[in-house]
1. Taking Ile47, is it at pLDDT 95 or above and either surrounded by 20 or more Cβ atoms within 10 Å (Cβ to Cβ) or assigned to a strand (DSSP E or B) (or both)?
2. Cβ-Cβ under 8 Å, sequence separation 6+ or interchain: first residue in region 244-256 and in the same structural domain as Tyr305 (by TED's automatic domain parsing), partner basic (Lys, Arg) and part of a loop (DSSP other than H, G, I, E, B). Which pairs?
3. Which is within 14 Å of the ligand (Cβ to nearest atom), touching a Ser or Thr at 6+ places or on another chain (Cβ under 8 Å), in the same structural domain as Leu122 (by TED's automatic domain parsing) and in contact (Cβ under 8 Å) with a residue 12 or more places away in the chain, of Ala204, Ala240, Ala276?
4. Tell me, please, whether a residue that is in a loop (DSSP other than H, G, I, E, B), outside the structural domain of Leu395 (by TED's automatic domain parsing) and either more than 16 Å from the ligand (Cβ to nearest atom) or crowded, with 21+ Cβ neighbours inside 10 Å (or both) can be found in region 298-307.
5. Do any strands (runs of 3 or more DSSP E) entirely within region 323-424 hold 2 or more residues that are under 18 Å from the mean Cα position of the chain (by Cα) and touching a residue at least 12 places away in the same chain (Cβ under 8 Å), and if so, which?
6. With respect to Asp467, is the statement that it is modelled with pLDDT of 95 or more, outside any helix (DSSP H, G or I) and either surrounded by fewer than 24 Cβ atoms within 10 Å (Cβ to Cβ) or under 17 Å from the mean Cα position of the chain (by Cα) (or both) true?
7. Which ones in region 172-228 are among the hydroxyl-bearing types (Ser, Thr, Tyr) and either at pLDDT below 95 or open to solvent by 10 Å² or more (accessible area, probe 1.4 Å) (or both)?
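The values are calculated or read from the model by the stated rules, or taken from the named source; none is laboratory data. On a predicted model such as this, the values are computed, not experimentally measured, just so you know. Here the Cβ positions follow ideal geometry from the backbone for every residue, glycine too, while neighbour counts run over all protein chains shown. For the accessible areas, the whole protein counts, side chains as well, though only heavy atoms, and no ligand, DNA or RNA atoms are used. Shrake-Rupley method; radii C 1.70, N 1.55, O 1.52, S 1.80 Å.
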Amino acid sequence: MLNDLTRRGLLGKSAATLGLVTLGSSGPYLLAKDSAPGTLKESARTIPLVEDCDVIVCGGGPAGIAAAISAARSGARVRVFECHGCLGGVWTSGMLSYVIDAGKPGLNAELSSRLNAMGARLTDHRKKNYDNYVYDVEAMKYLLETMFAEENITFQLHTRVAAVHTDDNNRMTAIITESKSGRQAWAAPVFIDATGDGDVGALAGCRWQFGHDKTCPCQPMSLMGIIAADSKVLEEFDNAGAKDAKDRLLAEMAKAGVEPTYAKPTLWNFGSGVAAVMINHEYGVEPFDAAQVTAATVNARRELYHIVEAMKKIGGGWSEARLVATAEQIGVRDGRRIQGRYEVTVDDVAQGARHDDAVCRSTFSVDIHAATQEANRKAAYSSGGVNAKPFDIPLRALIAADVDGLLLAGRCISGDFFAHASYRVTGNAVAMGEAAGVAGAVSAANKTLPHNVPWSLISAQLTTVRDQADQRAAAEQTS
Ligand SMILES: Cc1cc2nc3c(=O)[nH]c(=O)nc-3n(C[C@H](O)[C@H](O)[C@H](O)COP(=O)(O)OP(=O)(O)OC[C@H]3O[C@@H](n4cnc5c(N)ncnc54)[C@H](O)[C@@H]3O)c2cc1C
């Protein structure tokens with residue numbers, strides 16, 4: 001009896017029950033009689049369901065935190081689910097370190113001035129304002145958790161949205177998450193997909209686009225790193241210092257005998273001998289394929305490590321260089337774009353479109369990184385031939401077309417490849433999140449689906465929330 005309790009014994013028994021020989025061979029394992037080969041039919045199960053909030057935000061990146069804060073400030077009870085161990089997404093688990101297109105009223109202004117009050121916002125000397133700024137990654141984590149506590153927002157880290165439940169009227173009614181707490185279900189009248197890659201929209205069966213079939217399968221990924229080195233050498237190559245810093249850093253790497261996969265290696269100096277670096281490209285990686293993302297992450301980390309080790313050989317200020325950290329999440333430039341009730345297109349960008357239901361205006365250029373190493377050697381990034389004018393993003397691009405009760409915010413909204421290559425930066429992600437949060441709160445409060453709520457109601461509340469944030473920003477500056 002005793003020896004049968006070994007794993008072998010137990011499996012032997014169930015394999016026997018299933019009438020299959022499994023041990024010692026590497027499969028096929030047919031674990032349930034009615035499962036097709038290569039599949040495992042899960043037995044139906046009942047999981048706990050929680051229904052205690054008005055708005056559920058999936059993903060705690062720049063768009064997600066903005067959606068949660070503005071929904072809470074509009075009176076909604078809010079829950080946020082984030083799969084990594086901190087809030088902030090690309091800002092924190094991605095270690096991005098540089099905010100673009102943040103010269104907007106509202107939460108963008110508040111975040112910028114609160115970081116400044118913490119001594120965690122660093123100037124971009126090439127700019128005369130704070131439309132773009134460098135920030136301290138750890139301070140950003142701290143600030144976001146502080147703001148969530150101030151607004152009584154309930155959030156669960158290390159929790160991945162893994163499934164979606166819709167009713168017979170094609171309305172989203174619940175999400176299902178996986179975490180150390182097991183499988184849990186969460187119901188709410190309104191959901192916001194701020195996962196960056198449009199996971200929730202895809203799980204709900206929405207149509208989506210990815211990449212641009214003609215010019216680029218998809219934009220490359222990059223793994224951010226933090227290095228330590230002599231302060232002087234970091235100042236010398238600081239991208240916030242001078243226009244040609246990237247080309248000089250590339251030349252410096254050539255001296256070390258290395259060629260980065262990103263031909264515009266970028267360094268953001270934090271001061272005190274520490275800096276963030278973006279020096280790699282991982283080409284043609286689909287963010288919704290975990291095996292591909294794993295391979296890209298390991299590849300990128302290997303490249304960062306070798307490049308920093310090689311830089312030491314140059315000596316001088318590089319001799320003590322060290323790779324201090326690499327991001328938990330490789331940076332994803334191109335994810336799913338979920339079909340909305342309006343699709344922002346290259347025409348909107350080229351014409352500088354205006355919309356009555358505008359939630360924010362993107363002023364960033366079209367930023368398309370090379371799709372291959374060969375192309376990268378010619379031009380690390382380009383505008384794809386599109387001369388961008390500041391253009392509006394309408395609320396309709398934030399409302400899922402194929403399922404009811406789902407809003408979108410950040411880089412997964414409804415747009416084509418070229419428009420996305422401009423509005424995807426975090427200043428716009430915050431502004432879109434603000435609008436989605438307000439729309440969600442107003443929709444829940446009025447027991448009306450987001451696409452049926454009059455724009456006038458949403459725009460009035462959005463203005464109120466942004467004015468309040470501006471007042472907080474001003475208060476920070478005077479305190
Ligand atoms: C390498 C790189 C460099 C860039 N440079 C800049 C720059 O300098 N400045 C700038 O402003 N923008 C830059 N961008 C663009 C910008 O960072 C992104 O577009 C940004 O990600 C948009 O924010 P988001 O909130 O939509 O997505 P994300 O920041 O990706 O946030 C999504 C969040 O959802 C979480 N999540 C994902 N799936 C799930 C799930 N199933 N369940 C639960 N949680 C989930 C993620 O962990 C993440 O926290 C860069 C992007 C990359 C990749």
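1. Considered against the rule, which asks whether it is at pLDDT 95 or above and either surrounded by 20 or more Cβ atoms within 10 Å (Cβ to Cβ) or assigned to a strand (DSSP E or B) (or both), Ile47 comes out as no.
2. Lys246/Lys264; Asp247/Lys264; Leu250/Lys264; Ala256/Lys313
3. Testing whether each residue is within 14 Å of the ligand (Cβ to nearest atom), touching a Ser or Thr at 6+ places or on another chain (Cβ under 8 Å), in the same structural domain as Leu122 (by TED's automatic domain parsing) and in contact (Cβ under 8 Å) with a residue 12 or more places away in the chain leaves just Ala204.
4. Narrowing region 298-307 to residues in a loop (DSSP other than H, G, I, E, B): none.
No, that holds for no residue.
5. Details: elements: 358-362, 391-394, 406-408.
Output list reads 406-408.
6. no
7. Thr173, Ser179, Ser181, Thr195, Thr215
For (1) within 13 Å of the ligand (Cβ to nearest atom); (2) surrounded by fewer than 23 Cβ atoms within 10 Å (Cβ to Cβ), each residue gets a yes or a no:
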{"residue": "Glu374", "(1), (2)": "no, yes"}
{"residue": "Ala380", "(1), (2)": "yes, yes"}
{"residue": "Val386", "(1), (2)": "no, yes"}
{"residue": "Gly405", "(1), (2)": "no, no"}
{"residue": "Gly410", "(1), (2)": "yes, no"}
{"residue": "Arg424", "(1), (2)": "yes, no"}
{"residue": "Val430", "(1), (2)": "yes, no"}
{"residue": "Ala441", "(1), (2)": "no, no"}
